[in-house]
Each structure stands twice: as C-alpha cells, then as structure tokens.
Amino acid sequence: MAPIRAVLTDIEGTTSSIDFVKDVLFPYARQHLPAYVANHGQDPEVRQWLSQAAADGGLPATASDGEIAGMLQTWIDEDRKATPLKALQGLIWAQGYRDGAYRAHLYPEVPARLRQWKQAGLDLYVYSSGSVPAQQLFFGYSEAGDLSGLFSGYFDTEIGPKREVGSYLRIAEAIQRPPAEILFLSDVTAELDAAREAGMQTAWLVRDKVEGLPVSSHEAHRHFDSILV
C-alpha cells in the first residue's frame, strides 16, 4: 500500500454534524434567499447562477427572479445537489458568518487532527457538495477559529458528482498526486466506493449507528482520532 501524502475530506457527517447544515445553514439560506435575490439579482455572479438555475429547472425565459427564488427554496426543501443552488447558498451564508449569526460546527477532535496531519507534512483538501466559497467560509468561521489556512485546496460538484469515479481521478490530477497516495474520508459508502475504484485509499466515518447500512469493503472509524496516518 502506497504511503499517504494527502487527505481529502468530506464535510457533512465527516468533520461536522449534518444537523448544523440541516438545522442552521439550510433554514438561514431559505429564509434570506428571496430578499438576497431581490437586492443582488443584478450582480453579475448572482445573475449567472440565477440564469443557470432557471435553465436547469426548466423555467421559461420570462420567469421572474421571484419565481426563480421560489424554485430554489423548493430545491432547499428537497436537499437538491444543484450547483447554482449551492453557489447562491454560499453567498447568503457568507453574510450570516460575517454578521456572527452562527459559527460552523466541528466534531471536537477534528481541529487537532487536521493540525497534526498538516504538521506531519500531509496536504489537506476538501471535497463537498457545498460550493468552494461555502467550504472556505465553513472552515474560516468555525467554532475552533479560522482553519482555512490548513487546506491546500477545495473541490465541489463543478469537478463532478461525488459518486462518480471520474470526479476523484480529476481531483488526483488537479493536486498532482497518484490516487493511491490520497486518503478520502466520508460518511457515505457510495462516495467511498467511487474513490476506491479511482485508486484512492478510503476510510468510512461512522458517527452514529446507521441501520441497515453495510460496512462494504471499507474500514469503519468512529472519529478522526481513530484514523492512523
């Protein structure tokens, strides 16, 4: 087995509680989305994502920003992994972080383990369905302070879906590491299967008992402190 040179980690259910995203971030974005679209709808970046969302959702070209915002709220309710939604959520969450409305949750052992890996010379990366700006905000405004400097790069669904082998091959190419030298951490076995098929090493993070979920071929770990690198 090749030595591990880089750690690629998921966020929700891996470094952080799914409840924080589900109970704090999603409701905040849903509540503030209509006003944010009304106030920033003509900003080039926001306009780009609104247009892409309308096209992806099959809305007519005459759809108003209010109609697009309503569709996006429905997507939030459905937990849809849509790139334009994730991008707009990230922009809204940025304001919440800056206003001190919340701080990103991390499991207690995660900050120390990340620092330990960094000090040991490992490169750290994030791969999450949340947009890259949202990831940077998450670790920049965490309960443990600003951890963003620990990471060498961030990846979201623009590089590809998390359950497809090609996404992990593209990440390995982007960070210029053989897949075998990368350890991918996630709580979702389908993502781990894809990463392993791409040649990466994998570790399954199990925070709570998951009924009916097979361990598959992955070694199960309960906390970051259980992962020996």
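Using Cα pairs under 8 angstrom and six or more residues apart, how large is the relative contact order of region 20-99, in percent?
Numbers: 49 pairs, mean separation 31.5, N = 80.
For region 20-99, the relative contact order is 39 percent.
With a 1.4 Å probe and every protein chain left in place, tell me how much accessible area residue 30 has, in Å² to the nearest 10.
90 Å²
So for the chain, if I pair up every lysine 8 or more residues apart or on another chain, how many of those pairs have alpha-carbons under 16 Å apart?
Taking the chain as the scope, the lysine pair count is 4.
Convert each backbone phi in region 58-67 into a coupling constant with the Karplus relation 6.51 cos²θ - 1.76 cosθ + 1.60 (shift: θ = phi - 60°), then list the ³J(HN,Hα) values in order as whole Hz, x for Gly and Pro.
x, 6, x, 4, 8, 4, 7, 4, x, 5
Highest GNM mean-square fluctuation, the chain, Cα pairs closer than 10 Å: which of 174, 61, 104?
61
Would you mind getting the accessible area per residue of the chain, heavy atoms of the protein chains only, 1.4 Å probe, in Å²?
Values: 10620 Å² over 229 residues.
Computed with neighbouring chains in place, this is 46 Å² per residue.
Per DSSP helix of 4 or more residues, -39500 (n - 2.57); summed, then divided by the residues of the chain. What does that give at 222 nm, rounded to the nearest 500? Before the final figure, lay out the partial values.
Numbers: 8 runs with 98 residues, N = 229.
The helix contribution divided over the chain gives -13500 deg cm²/dmol.
Quick one: among 202, 14, 62, which has the greatest mean-square fluctuation in a GNM of the chain with alpha-carbon springs under 10 angstrom?
Comparing 202, 14, 62 in a Gaussian network model of the chain, the most mobile one is 62.
Magnitude of the Cβ-charge dipole of region 20-99, K/R +1 and D/E -1, about the Cα centre, nearest 20 debye?
Numbers: 7 positive and 10 negative charges, 31 e Å.
The dipole magnitude comes to about 160 debye.
Pop the C-beta distance of residue 23 and residue 45 into the FRET formula with R0 = 30 Å and round what comes out to the nearest 0.05. Before the final figure, lay out each step's value.
Working: r = 27 Å, r/R0 = 0.92.
Taking R0 as 30 Å, the efficiency between residue 23 and residue 45 is 0.65.
Picking from 110, 31, 51, whose Cα lies most toward the positive end of the charge dipole for the chain (charges on Cβ: Lys, Arg +1; Asp, Glu -1)?
Value: 110.
Sorted by accessible area with a 1.4 angstrom probe, largest first, how do 59, 192 fall?
Numbers: 59 55, 192 0 Å².
Descending order: 59, 192.
With label points built 7 Å along Cα→Cβ from the Cα atoms of residue 144 and residue 83, find their separation and express it in nm.
Here the answer is 3.1 nm between the modelled labels.
Roughly what % antiparallel, to the nearest 5, for the DSSP beta bridges in the chain?
Values: 1 of 21 bridges.
For the chain, the DSSP antiparallel bridge percentage is about 5.
Report, by chain and number, residues whose modeled amide H sits under 5 Å from the one on residue 204, excluding near sequence neighbours (fewer than 5 apart, same chain).
Residues meeting the criterion, in which the H sits 1.01 Å from N, are 219, 221.
Taking N as the number of residues in region 20-99, what value does Rg over Cα atoms divided by 2.2 N^0.38 Å take? Provide the component values of the computation, followed by the final result.
Values: Rg = 11.7 Å, N = 80, 2.2 N^0.38 = 11.6 Å.
Normalised by 2.2 N^0.38 Å, the Cα Rg of region 20-99 equals 1.00.
Under a 10 Å cutoff between Cα atoms, tell me which one of 138, 155, 26 has the largest fluctuation in the Gaussian network model of the chain.
Taking springs between Cα atoms under 10 Å, the residue moving most is 26.
Leaving ligands, DNA and RNA out of it, report the carbon-plus-sulfur percent of the accessible area of the chain at a 1.4 Å probe. Kindly include the intermediate steps, with their values, before the conclusion.
Values: 5280 of 10620 Å².
Exposed carbon and sulfur together represent 50 percent of the surface.
Accessible area of residue 18, 1.4 Å probe, to the nearest 10 Å²?
Accessible area, nearest 10 Å²: 80 Å².
List every residue whose amide H lies under 5 Å from the amide H of residue 9, counting only residues 5 or more places away in sequence or on a different chain, with H placed 1.01 Å from N in the peptide plane.
Counting only residues 5 or more places away or on other chains, the set is 125, 126, 127, 185.
The values are calculated or read from the model by the stated rules, or taken from the named source; none is laboratory data. No experiment lies behind these values; they were computed from the predicted model shown. Cβ coordinates were reconstructed from backbone atoms using ideal geometry, including for glycine residues, and neighbour counts include every protein chain displayed. Heads up: the accessible areas ignore ligands, DNA and RNA and are worked out on the full protein's heavy atoms, side chains in. Shrake-Rupley method; radii C 1.70, N 1.55, O 1.52, S 1.80 Å.
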